[in-house]
Structure formats: structure tokens, C-alpha cells
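Presented below is the structure to which this report refers.
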Amino acid sequence: MPISDRPLIALSSCLAGEKVRYDSAHKRDRWLMNEFSEYVDYASFCPEVGIGLTIPRTPIRLVHKDGDVRVLDVRDPSIDVTDRLRNFAFDTVPKLEGMSGYVFKSKSPSCGLFKVKAYMENGHPSDTPVPGAYAEVLAQELPDLPMEEEGRLCDDMLRENFVNRVFVYHRLLKLKDEGLSAKAIVAFHSRHKYMIMAHSQVAYQSLGQKVANLKGIDLDVFYLEYRRELMAALTQRVKRRQHVNVMQHLTGYLKKAVDKDDKKEILEALDDYKRGDVPLVVPMKLLSHYFRCHPDPYIGDQYYLNPYPSSLKLRNNV
Ligand code: SF4
């Protein structure tokens, strides 16, 4: 399947507004369906309906049992759907090929990606939250695919991080789809250099060295290793001082083009951002403005300044 121009994202069906929950309700997510949907397409999955459970149905829950976590019917704990959910997840893995992310419904015993409430066998709540049975398998099988829960996407930093990873992953898919060559990999890496530097100096050094030594390398194997390291690096949050460091590097490219007052204006914006007085969008816009007035072909190609559609306004609150 050729990779389309818009990222395709997998989504828990109830977040898309489908009435598939145990109580026949939905949990339509406004940001995903009204705003993010302007830039991405969705494919929805409901594992509970997928394994044949009815709508409505008796709820299920996670239970610590015999050293495992089982998904049991709340009213009749002899009904155990764990293996069916896990198998459904394994069957879903190939269907996610060509997709650039997955947004799961939080707190669900099937779809919850992180801390879902679990119980002991005696029915008391357990202190140990666990992932949902379906999401856990997908996270293990597809460790590079950007994944998040809709609840965590209310956090501006996490939302920005997730969206950035989705667009990078989509570009990685296109890179592969268009045919791997050393030249294309070097060009891809070159355009992401400052973004990687912001997230992780270690990955910046390591990936840079690897991309500089592509001669005689199996590019398909390299692609998978590169993707693994890149996506792991981009999962890391970027601290203000790391953004400031990268923006100082970018300012260096304007050294000969701007006068003393312009440089002072940029450095003041960086200081304001570093102190937390203004959001990231302020120094970024200023830098973009100066690079528009004094174009530099290398910086103009950097995804760091334009990682995803700016109309999403994700840098206004980070
Ligand atoms: S959380 Fe997952 S399993 Fe539950 S209704 Fe939504 S899509 Fe279906």
C-alpha cells in the first residue's frame, strides 16, 4: 500500500464517536476529531467488538491472577477474554503497517496504554496499575510506532511530542516507500539534525556517526536500526535549555546577515523563553522571520523550525 500524503492514525473506535462501549456510549474526542483530523486520517479499531463481544455488554476488568493479568467479566469472572484480546492484537499488527501512530482510549482494560486500574482476585482494587491487554501487545510488537492515550494528549507537552513523532514517522514511511538509498537517508537525516539535537545530544552524535558510514551497509537493516534509535530519542521531552541551545546554533547562521540590534532582539527572546516568560512559539517565530528575510538553504530545510502544520498551534503552550 503506497504511503499517502496525510499520516494515517489508528484510533480506539469510541474516541472516533462510534457507540461501541459496554454501555452503548461513545467517548468522542473533540481535539482529535475536530482539529487534528484536519491534517491526518483515522482508521478505528475496537478490540472488544472485534473479538465478538456485544454492544451493550457486561464490563470487563483487569485482575491479577496466578502471576498474570487476566481480563475477566465483572459479573462472571469465569469468563476470561484475555487470550482473545491478545490474539486480536497480534492479528491487528499487520493492519497497522503504513500507519503513523495510534491513539488509545485511556483507562480501558483493553485499550489503556499505561496505568489502567486492576483488581485482586478477591475483588479488592490492586495497588499495581497495568496496561490494557490489547494495547500492551501492540506496544510490545510495534515499539517505534508513536502511541498515546487521549487523556495524556490534554498535556500540551505530551501532545506536541506525540504530533511531532507522528509526522517524523510518516516521513520515515515515505522515505522507505520511495526506495532506500544512501543519498535519501543522508538527506532525511540532514533535515532532522537540529530536531534530534534538541531531543538528545547522545542520539545526535550516535545517529550522525551511523549516517556518515553507510558504505557497504544493508540499507533495509540500517533503516530499522535508525528508526528505532530516532523514535526513541524523539520520545524524550525537550527541556527549555535544550531548545535554547539549538536556537543559539541557528542564530549563528544569521551572524553575518543581521545587525547588532536584530541579534539583541533574538537573544532577548531566547532569554524570555528560557525564563519561562514566553512560550516556544515566540523565539521560533522571530527566528523564522529572520530566516525569511535572510534565507539559508540548509536552515530552510530543517524540520526543527516547521515540524508539523503550524496551524495546530502546538508551540503556543510549551
Ligand atoms: S476503549 Fe477500546 S475496547 Fe473499549 S469501547 Fe473503546 S475502542 Fe472498544
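The values are calculated or read from the model by the stated rules, or taken from the named source; none is laboratory data. Since the model is a prediction, treat every value here as computed from it, not as a measurement. Because the Cβ atoms are built from the backbone with ideal geometry, glycine has one as well, and the counts that use them run over all protein chains shown.
Looking for whichever is touching an Asp or Glu at 6+ places or on another chain (Cβ under 9 Å), away from the ligand (no atom under 15 Å from the Cβ) and part of a strand (DSSP E or B) here; the options are VAL69, VAL93. Which one fits? Walk me through it before giving the result.
Working: VAL93 fails: part of a strand (DSSP E or B).
Going through VAL69, VAL93 in turn, the sole match is VAL69.
Answer with yes or no whether ASP76 is more than 9 Å from the ligand (Cβ to nearest atom), assigned by TED's automatic domain parsing to the domain that holds GLY132 and farther than 22 Å from ASN161 by Cα. Explain how you work it out, then say what you get.
Values: more than 9 Å from the ligand (Cβ to nearest atom): yes; assigned by TED's automatic domain parsing to the domain that holds GLY132: yes; farther than 22 Å from ASN161 by Cα: yes.
Yes.
Being within 17 Å of LEU138 (Cα to Cα) and either under 27 Å from the mean Cα position of the chain (by Cα) or not polar (S, T, N, Q) (or both) is the requirement here; does GLY98 meet it? Quick ask: steps written out before the conclusion?
Values: within 17 Å of LEU138 (Cα to Cα): yes; either under 27 Å from the mean Cα position of the chain (by Cα) or not polar (S, T, N, Q) (or both): yes.
Judged against the criteria, GLY98 is a match.
Could you list, in sequence order, the residues of region 126-172 that are of a type in the set (A, V, I, L, M, F, W, C), closer than 25 Å to ARG227 by Cβ and in contact with a helix residue (DSSP H, G or I) (Cβ under 7 Å, 6 or more places away or on another chain)?
Just the residues of region 126-172 that are of a type in the set (A, V, I, L, M, F, W, C), to begin with: 130, 133, 135, 137-139, 142, 145, 147, 153-154, 157-158, 162-163, 166-168, 172.
If we keep only those that are closer than 25 Å to ARG227 by Cβ too, we end up with 135, 137-139, 142, 145, 147, 153, 157-158, 162-163, 166-168, 172.
Listed by number, the residues that qualify are VAL137, LEU138, LEU142, LEU145, MET147, LEU153, LEU158, PHE162, VAL163, VAL168, LEU172.
In region 101-127, what count of residues is obtained for those that are among the aliphatic types (A, V, I, L, M), within 17 Å of the chain's Cα centre (by Cα) and assigned to a loop (DSSP other than H, G, I, E, B)?
Of the residues in that region, 1 qualify.
Condition test on LEU173, is it farther than 24 Å from TYR298 by Cβ, in the same structural domain as CYS46 (by TED's automatic domain parsing) and of a type outside the set (Lys, Arg)? Walk me through how you get there before you give the answer.
Working: farther than 24 Å from TYR298 by Cβ: yes; in the same structural domain as CYS46 (by TED's automatic domain parsing): no; of a type outside the set (Lys, Arg): yes.
No; evaluated as a whole, the condition is false for this residue.
Kindly indicate which of SER110, SER126, SER106 is within 16 Å of the ligand (Cβ to nearest atom) and surrounded by fewer than 24 Cβ atoms within 10 Å (Cβ to Cβ). It would help to see each step written out before you state the result.
Values: SER110 fails: surrounded by fewer than 24 Cβ atoms within 10 Å (Cβ to Cβ); SER126 fails: within 16 Å of the ligand (Cβ to nearest atom).
After ruling out the rest, the residue left standing is SER106.
Look through region 8-25, keep the residues that are of a type outside the set (D, E, K, R) and near the ligand (Cβ under 8 Å from one of its atoms), and return whichever of them is farthest from LEU153 (Cα to Cα).
So in region 8-25, the residues of a type outside the set (D, E, K, R) come out as 8-17, 20, 22, 24-25.
Within this subset, residues satisfying the condition of being near the ligand (Cβ under 8 Å from one of its atoms) are 12-15, 20, 22.
On the way: SER12: 14, SER13: 17, CYS14: 16, LEU15: 13, VAL20: 22, TYR22: 24 Å.
The qualifying residue farthest from LEU153 (Cα to Cα) is TYR22.
Within the set of pairs 6 or more residues apart or between chains, which connect a residue that is farther than 18 Å from ASN34 by Cα inside region 11-22 to a residue that is within 7 Å of the ligand (Cβ to nearest atom) with Cβ atoms less than 7 Å apart?
Correct list of pairs: VAL20/SER13; VAL20/CYS14; VAL20/CYS46; VAL20/VAL49; ARG21/CYS14; ARG21/LYS27.
Are there helices (runs of 4 or more DSSP H) fully within region 176-245 with at least 3 residues that are without any contact (Cβ under 8 Å) to a residue 24 or more places away in the chain and polar (S, T, N, Q)? List them.
On the way: elements: 182-199, 201-211, 219-235.
Helices (runs of 4 or more DSSP H) meeting the threshold: 201-211.
Which of the residues belonging to region 215-226 are out of contact with any Ser or Thr (no Cβ under 9 Å at 6 or more places or on another chain) and surrounded by fewer than 18 Cβ atoms within 10 Å (Cβ to Cβ)?
Start the filter on region 215-226 by keeping residues that are out of contact with any Ser or Thr (no Cβ under 9 Å at 6 or more places or on another chain), which leaves 215-218, 220-226.
Scanning region 215-226 gives LYS215, GLY216, ILE217, ASP218, ASP220, VAL221, PHE222, TYR223, LEU224, GLU225.
Identify all residues within region 60-87 that are within 15 Å of PRO131 (Cβ to Cβ) and in contact with a Ser or Thr (Cβ under 9 Å, 6 or more places away or on another chain); write none if there are none. Full working, then the answer.
Keep residues of region 60-87 that are within 15 Å of PRO131 (Cβ to Cβ), which gives 60-64, 68-71, 82, 85-86.
Selection gives ILE60, LEU62, VAL63, HIS64, ASP68, VAL69, ARG70, VAL71, LEU85.
Only one of these is surrounded by 16 or more Cβ atoms within 10 Å (Cβ to Cβ), modelled with pLDDT of 95 or more, closer than 17 Å to HIS192 by Cα and outside the structural domain of PHE36 (by TED's automatic domain parsing): TYR304, TYR290. Name it. It would help to see each step written out before you state the result.
Numbers: TYR290 fails: closer than 17 Å to HIS192 by Cα.
Residue meeting the stated conditions: TYR304.
Does region 38-57 hold any residues that are loosely packed, with under 15 Cβ neighbours inside 10 Å, more than 13 Å from the ligand (Cβ to nearest atom) and either over 17 Å from LYS95 (Cβ atoms) or of a type in the set (Ser, Thr, Tyr) (or both), and which are they?
The answer is GLU38, and nothing else.
In this structure, does SER4 turn out to be away from the ligand (no atom under 11 Å from the Cβ), of a type in the set (Gly, Ala, Ser), out of contact with any His (no Cβ under 8 Å at 6 or more places or on another chain) and free of Cβ contacts under 8 Å to residues at least 40 places away in the same chain? Walk me through how you get there before you give the answer.
On the way: away from the ligand (no atom under 11 Å from the Cβ): yes; of a type in the set (Gly, Ala, Ser): yes; out of contact with any His (no Cβ under 8 Å at 6 or more places or on another chain): yes; free of Cβ contacts under 8 Å to residues at least 40 places away in the same chain: yes.
The answer is yes for SER4.
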